Amino acid sequence: MITVNGLIRTYGEFTAVDNVSFEIGQGEIVGLLGHNGAGKTTIMKMLTGFLEPTDGRITIDGLDIDRDREAIQKKIGYLPENCPVYPEMTVIDYLDYAAALHDVPETERLSRVREAIRKTELTEKATQPINTLSRGYRQRVGVAQALLHHPDILILDEPTNGLDPSQVQHMRDLIKEAAQEATVILSTHILQEVQAVCDRVIIIRAGQKVLDATMEELRSAHRLLVTVDGDPDRVDSALKGVGDIRSVERLPGDGGRQSYALAFRNREEVERSAPAVASALLEQGCALYAMQPEERSLESVFLEAANR
Ligand code: ATP
């Protein structure tokens, strides 16, 4: 649905986005994760047609951002990093104005504004001038304007930036609800944000894509952890008989039972080989006390990819 190919953006000599490619399917919630200055905002501005790529191609539902920018923008709801809400307008007046900008037909505007206010729980604040709202509520107004025209794609730049914990929770719920009807791309430098709402993460470092994986792939390592009580030579010969094992690491133990990490090529091999490992160990007279696929912490994956 969204295809980004060889995207490059330079500012003078400086390359802010460096040959980034990815595809995002309908209904996915994808987090663009990276440190400050990694290039997330620049990518989002290009996806929304507000910034021209230096090179590369962006297509959305077969439309090309170069040729069909307006048609693409109609499909997108965008919460920019600093959403330009007009401070002196009331919430309801601003949203009515934003609906007009989004080409919502006049006859539908009021109901769309009401709906966006309800979804973002802004009812109590609807008649207040925006400059009297807290940052969290202003951020909700930003999301409300992005939802008004029922976009197929929501692009949210740092949606929880500067919010307090309860506002963060509300924003996450809002994003998940919006994701039932739209593809969502959000940017953040907070790993927990991605963990809480996304089903896939793209890590950007110094303008380059350094990792693109589903949350499940990220969590699952390619190792099987087993704990046995048995002679190490017997364990060794048992494991040698299981074809797919690439390497065996003896983990620090407490002297009695011994744990081993068995490396495989991928998660499927881990799952497929587990019964063979168990029977090979039992055949060699080793008592098997525990067996589980290794789980990786997202923190370690992020630190590895973002700082490499
Ligand atoms: P943050 O999390 O701080 O918002 P980001 O990942 O969104 O960071 P970008 O705003 O995309 O990062 O910026 C990427 C790099 O491009 C940064 O080094 C930034 O200073 C640089 N940059 C962005 N806009 C411009 C500009 N108009 N002129 C020159 N450099 C720019």
Next item on the list: Give the residues of the range 1-33 that are near the ligand (Cβ under 8 Å from one of its atoms) and at positive phi, sorted by residue number.
Entry: GLY12
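Of these, ASP96, ASP61, ASP68, ASP55, which one is open to solvent by 10 Å² or more (accessible area, probe 1.4 Å), out of contact with any Lys or Arg (no Cβ under 9 Å at 6 or more places or on another chain), in the same structural domain as LEU191 (by TED's automatic domain parsing) and away from the ligand (no atom under 12 Å from the Cβ)? Walk me through it before giving the result.
Working: ASP96 fails: out of contact with any Lys or Arg (no Cβ under 9 Å at 6 or more places or on another chain); ASP61 fails: out of contact with any Lys or Arg (no Cβ under 9 Å at 6 or more places or on another chain); ASP55 fails: out of contact with any Lys or Arg (no Cβ under 9 Å at 6 or more places or on another chain).
Result of the check over ASP96, ASP61, ASP68, ASP55: ASP68.
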Checklist line | Selected residue (criterion: nearest to the chain's Cα centre (by Cα)) from residues of the range 152-165 that are farther than 18 Å from GLN195 by Cβ and open to solvent by 10 Å² or more (accessible area, probe 1.4 Å) | finding: ASP152
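Determine whether the range 135-143 contains at least one residue that is open to solvent by 70 Å² or more (accessible area, probe 1.4 Å) and touching a strand residue (DSSP E or B) at 6+ places or on another chain (Cβ under 9 Å).
Among the residues of the range 135-143, not one is open to solvent by 70 Å² or more (accessible area, probe 1.4 Å) and touching a strand residue (DSSP E or B) at 6+ places or on another chain (Cβ under 9 Å), which makes the answer no.
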Next item on the list: Go through (1) of a type in the set (A, V, I, L, M); (2) more than 13 Å from the ligand (Cβ to nearest atom); (3) open to solvent by 10 Å² or more (accessible area, probe 1.4 Å) one by one and return the number of the condition VAL201 breaks.
Entry: (3)
Notebook entry, point to check: Could you count how many residues in the range 71-82 are within 16 Å of the ligand (Cβ to nearest atom) and buried (at least 17 other Cβ atoms within 10 Å of the Cβ)?
Noted result: 3
Item checked: Selected residue (criterion: nearest to VAL4 (Cα to Cα)) from residues of the range 224-248 that are touching a residue at least 60 places away in the same chain (Cβ under 8 Å) and in contact with a Ser or Thr (Cβ under 9 Å, 6 or more places away or on another chain) -> LEU224
Next item on the list: Just name the residue that is nearest to GLU193 (Cα to Cα) out of those in the range 121-134 that are buried (at least 18 other Cβ atoms within 10 Å of the Cβ) and touching a Phe, Trp or Tyr at 6+ places or on another chain (Cβ under 9 Å).
Entry: LEU122
Check: With VAL228, VAL301, VAL277, VAL242 as the choices, which residue is open to solvent by less than 20 Å² (accessible area, probe 1.4 Å) and at pLDDT below 90?
Finding: VAL301
Next item on the list: Those residues that are within 16 Å of the ligand (Cβ to nearest atom) and open to solvent by less than 10 Å² (accessible area, probe 1.4 Å), I need them from the range 176-197; list them, please.
Entry: ILE185, LEU186, SER187, THR188, GLU193, VAL194
Item checked: Any helices (runs of 4 or more DSSP H) falling wholly within the range 75-167 and containing at least 3 residues that are without any contact (Cβ under 8 Å) to a residue 24 or more places away in the chain -> 91-101, 106-119
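The values are calculated or read from the model by the stated rules, or taken from the named source; none is laboratory data. Keep in mind the model is a prediction, meaning the values are calculated, not measured. As a convention, Cβ positions derive from the backbone with ideal geometry for all residues, glycine included, and neighbour counts pool all protein chains shown. Each accessible area value is taken on the protein alone, full model and side chains, heavy atoms only, with ligands, DNA and RNA left out. Shrake-Rupley method; radii C 1.70, N 1.55, O 1.52, S 1.80 Å.
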